[in-house]
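Written out below as structure tokens is the structure these notes cover.
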């Protein structure tokens, strides 16, 4: 062009700006200022260049903007509404609320756009009162607010959870007759969903019949957050039935999340078929939601694997969910294989990924892989970034009694240790039987002023209980009172267990009396403590109290109760308790319950009843039952049942010497010396030591309890 005026220069600058080439736009503006024709910019030029400045870094943008502000003042555009609005937008965009307010105060004219811009700037700066002041002045100046004005207020109320202010602004929008179009309705729905007020959210949703996909997605998302899964699914169906509004990827991802939370795997599969139909099966957000669904609800891995392979570019969330699914389904080695594949694909794990893969370390075979993961963690220095990784490593090493490695990890996180760190370490020491070592780390935890929780104190109380360490146990009791955690049910149960095992029944009863709502675990600990301290009548009385207060007993409760009946030889009482398990309490009998009852019947010599129970029980006799019953048959001279039991036992374990000794002893006490000699010959052939003959007379001269001990010893 041989001649260029301000319009051509401004058009060129605007073209660069529209293409988001802001550097190019500023270069054209600089050329304009130094051109031979000395073209003077107009208000549109300044406005365009100001909008470009907001896209640079904060410091460069501020310098450029101030220079342009100087040019605006120089050329006399300060009173122009367009330029002033651009200056206001510029200072708002770089977070200079005070300068924006100064420009706003100096504006000769104001319209709804400039007022809304100023309100938006003040709200972002959390200057609520000033924003309301601008709004009030706007109303006094007869400038009618638009839906965008109220949208700024409502969005701010939602982000800061200002429920009363949000309702006030909503009422103002109604008062000024602002049209509730889908945009404003979406903002209102989001706000009320954020407040947790789904009644108002649904009321706003139904104000008009003007809907769009964003509005439907917002109300579905709100219903999901409020755990109203069935309503969310119904809303999705309503959206589909309109035949006008098509769900987008966010809608599908949200509704699949609802299916996962509501364990509706079949509905999730139906929605997945629609996703495939509309061609969104490769979408990342949808794919991740489907992976989460199948991870939570599916009984096998097939659907999850297919879904994963359909995602074009799986991210770290996709891989982590896949690994978590392998862990949850017990495929530990496959989980480590997928972890290696994830790294090979270029996706780096997060701390949550590493914590998840470490949870799959459930066998000695996987421990080798866990050590490799630990090496990767050290290489990437992630152990110094996230405490959860260190806690997971301590848990893994403690689980396999590698206390030295656990201590090494423990020492590498001195500034980040929390209650879970100490709980993981103490739990591992407890598992290895190192109860004193577990109690020895309590002073270190106190020195570091770690904020303990109920699980942490309960773990240390378990160490005190198992080592019968009354002194440390009482100190932990004081700590629980000091921290206000004494009333936590896990702590109360642990205190009850500790005092019971330390033979302090009086203190145990005091702890129990202070528990407001005892659970079945509480009663189990109490009854077990009373039984272990020989207080059988009190234990059975506690069981009856448990039934009276409405706490339903479980399988562990009846194990303890049957053990109590065994100790005091309460045969008929034990039988009644056994029968009441399923008939009254709806509790299934385990093989351990049958063992205790058979032992109780055998001790009392009621072997015919024991034989009937063996025939009718839903479990096969194991070796321990056979040995126990064979011992009682020997004591009570029941040859027929004894031979039957012995035959079953030998079928299970032909090389167990105790079976042959018990059977030989049975033949001996019933006077079948011929069979006794045959058993002795067979035992010698098998290399089993034959008992001396004097054992018979010794057994016959002992009382009942002594006889049992000698029989089982033989």
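Computed from the coordinates by the stated procedures, all read-outs in this text should not be read as laboratory data. From a predicted model like this one, the values you see are computed outputs, not experimental measurements. We place every Cβ from the backbone using ideal geometry, glycine too, and count neighbours over all the protein chains shown.
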Once both labels are modelled 7 Å past Cα along the beta-carbon direction, what's the residue 520-residue 568 spacing in nm? 2.4
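Among rounded, prolate and oblate, which fits segment 607-671 when a ≥ b ≥ c are the square roots of the eigenvalues of its C-alpha gyration tensor, a/c under 1.5 means rounded, and a/b larger than b/c means prolate?
Judged from the Cα gyration tensor, segment 607-671 comes out oblate (a/c at least 1.5, b/c at or above a/b).
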When 485, 682, 415 are ordered from fewest to most other Cβ atoms inside 10 Å of their Cβ, what list results? 415, 682, 485
Roughly how many Å is it from the Cα centre of segment 601-641 to that of segment 460-539, as a whole number? 37
Working out 0.36 nm times the residue gap between residue 75 and residue 207, then minus their Cα-Cα distance, what length gain in nm do you get to one decimal? 42.5 nm
Extension reserve of the residue 674-residue 381 stretch, reckoned as 0.36 nm per residue once the Cα distance is removed: 97.9 nm
Largest-first principal axis extents, alpha carbons of segment 102-161, Å: 35, 23, 15
Two pseudo-spin positions, 7 Å from Cα along C-beta at residue 11 and at residue 590, lie apart in nanometres by 8.7
Rounded, prolate or oblate: which fits segment 401-485, taking a ≥ b ≥ c as square roots of the Cα gyration tensor eigenvalues, rounded meaning a/c under 1.5, else prolate when a/b beats b/c? oblate
Residues residue 30 and residue 348, FRET efficiency given R0 of 60 Å [Cβ-Cβ distance, rounded to 0.05]: 0.90
Can you tell me how much longer the chain between residue 640 and residue 510 gets when fully stretched, taken as 0.36 nm per residue apart minus their C-alpha distance, in nm with one decimal? 41.6 nm
Cα pair distances of segment 1-139 binned at 5 Å [whole percent]: 2, 10, 20, 21, 18, 14, 8, 4, 2, 1, 0, 0
Measuring from the lowest to the highest alpha carbon on each principal axis, how far does segment 258-358 reach, largest first, in angstroms? 34, 25, 20
Helix-derived [θ] at 222 nm for the chain: sum -39500 (n - 2.57) over DSSP H runs of at least 4, divide by residue count, nearest 500? -22500 deg cm²/dmol
Separation in nanometres of the label points that stand 7 Å from Cα toward Cβ, at residue 337 and residue 316: 2.5
Pairs of Cα atoms under 8 Å, at least six residues apart: use those to get the relative contact order of the chain, whole percent. 3
Computed over the chain, the Cα gyration tensor eigenvalues, each multiplied by 5 and square-rooted, give semi-axes in Å (largest first) of 77, 29, 28
Taking R0 as 25 Å, what's the FRET efficiency between residue 544 and residue 503 from their Cβ-Cβ distance, rounded to 0.05? 0.55
Least to most buried among 453, 332, 111, by other C-beta atoms within 10 Å and fewest first, runs 111, 453, 332
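Which FRET efficiency, nearest 0.05, do residue 144 and residue 309 yield, Cβ-Cβ r, R0 60 Å?
0.60
Please pull out the direction-averaged projected area of segment 180-271, using the convex hull of its alpha-carbon atoms, in nm² to one decimal place.
Numbers: hull surface 21.0 nm².
For the Cα atoms of segment 180-271, the hull's average projected area reads 5.3 nm².
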With segment 180-339 reduced to its Cα atoms and the Debye formula applied, log10 I(q)/I(0) at q = 0.08, 0.14, 0.17 1/Å amounts to -0.26, -0.71, -0.96
Zone of residue 684's modelled label, taken as backbone nitrogen in segment 653-676 under 14 Å from a point 7 Å along Cα→Cβ: 676
Taking the Cα of residue 552, stepping 7 Å toward and past its beta carbon, and measuring to each backbone N in segment 512-527: which are under 19 Å? 517-525
A correct fewest-to-most ranking of 506, 686, 595 by other Cβ atoms within 10 Å would be 506, 686, 595
With an 8 Å Cα cut-off and a minimum separation of 6 or more residues, compute the relative contact order for segment 1-139 in percent. 16
